[in-house]
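Below: one structure, written as structure tokens.
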Amino acid sequence: MEKIIAPSVLSLDYTDTKSQLKQLVESDAKWLHFDVMDGNFVPNISFGTDILKALKKGSNMFVDAHLMIQDPRKYYPEFVRAGADMITFHYEVFNDIDACRTLLLEIKATGIQAGIVIKPNTSVDCIRDLLADVDMVLVMSVEPGFGGQSFMPNSLDKIRDLAKFKKDNNLAYLIQIDGGINAETYALASNAGCEVFVAGSYIFNQDIVEGVKSLLCQECV
Ligand code: DX5
Ligand code: ZN
């Protein structure tokens, strides 16, 4: 399938929001990745629904909201109302398949998509039984909480495992990676079978349109 770039607006320059959003819309990125941090599940606080509403108002891009929060069950409806097209939450919030499945189905019943996220120390086996019910699996390739960290290569085996399991079982979930993505790590993850690539500092530390292009262009080399 065609690879999807999801720039992480955690790294956007908010003194220049209008122009950066315009560049994102003009780029080959199809998605925006919206990191929600509550200072509890992760040791950092980011932003909430007002910023999401503004981003949706200024673009028609698909937004996946990555909830790094301790209580996704309580807060997800606000992100649905604010315009999220997909919501992902962490397996580690519940450490329980049934609780995760219940929330996934609840989110999907609102008419948007739902996915599950695993941290670097969580194995694919923990979520294996959810894979028929998810629209996407997000494999974290850094510890969640901050942009600009280095890629953890143990994520590649998880991507390979998820890609094989998807094929063998004829499933439809997307495989997403998040953390430390640049041209080099993009190529590694892409070859392992990843389909959706979150990139924050790599894209926003250069010309946005060129940054997105330079990732997708790895497909041609
Ligand atoms: C980290 C966030 C990421 C972050 C990625 O907790 O989930 O989405 O923005 O940033 P980079 O691409 O800079 O690693
Ligand atoms: Zn994220």
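The values are calculated or read from the model by the stated rules, or taken from the named source; none is laboratory data. All values reported here derive from a predicted model rather than from experimental measurement. Don't worry about glycine lacking a Cβ; one is built from the backbone with ideal geometry, like all the others, and counts go over all protein chains shown. Accessible surface is based on the protein model in full, side chains and every heavy atom, while ligands, DNA and RNA are left aside. Shrake-Rupley method; radii C 1.70, N 1.55, O 1.52, S 1.80 Å.
So here's what we get for this one:
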{"read-out": "Accessible area of the chain belonging to carbon and sulfur atoms, whole % at 1.4 Å probe", "value": "49 percent"}
{"read-out": "Rounded to 5, the percent of DSSP beta bridges in segment 4-220 classed as antiparallel", "value": "5 percent"}
{"read-out": "Neighbour net charge for residue 46 - beta-carbon separation under 11 angstrom, K R +1, D E -1", "value": "-2"}
{"read-out": "Global form of segment 76-154, assessed from the alpha-carbon gyration tensor, a/c cut-off 1.5", "value": "oblate"}
{"read-out": "Per DSSP, loop chymotrypsin sites (Phe, Trp or Tyr not before Pro) in segment 86-186 with at most 12 further Cβ within 10 Å", "value": "none"}
{"read-out": "Relative contact order (%) - segment 4-220, alpha-carbon pairs under 8 angstrom, separation at least six", "value": "21 percent"}
{"read-out": "For the chain, built as a Gaussian network whose Cα springs stay under 10 Å, the top-fluctuating residue of 96, 85, 168", "value": "168"}
{"read-out": "Expected 222 nm ellipticity per residue - DSSP helices of 4 or more, -39500 (n - 2.57), all of the chain, to 500", "value": "-11000 deg cm²/dmol"}
{"read-out": "Simple spin-label estimate for residue 128 and residue 60 in nanometres, 7 Å along Cα-Cβ", "value": "4.3 nm"}
{"read-out": "At R0 = 22 Å, FRET efficiency that the Cβ-Cβ distance of residue 187 and residue 121 yields, to 0.05", "value": "0.35"}
{"read-out": "Whether segment 1-156 is rounded, prolate or oblate, judged on the alpha carbon gyration tensor where a/c under 1.5 counts as rounded", "value": "prolate"}
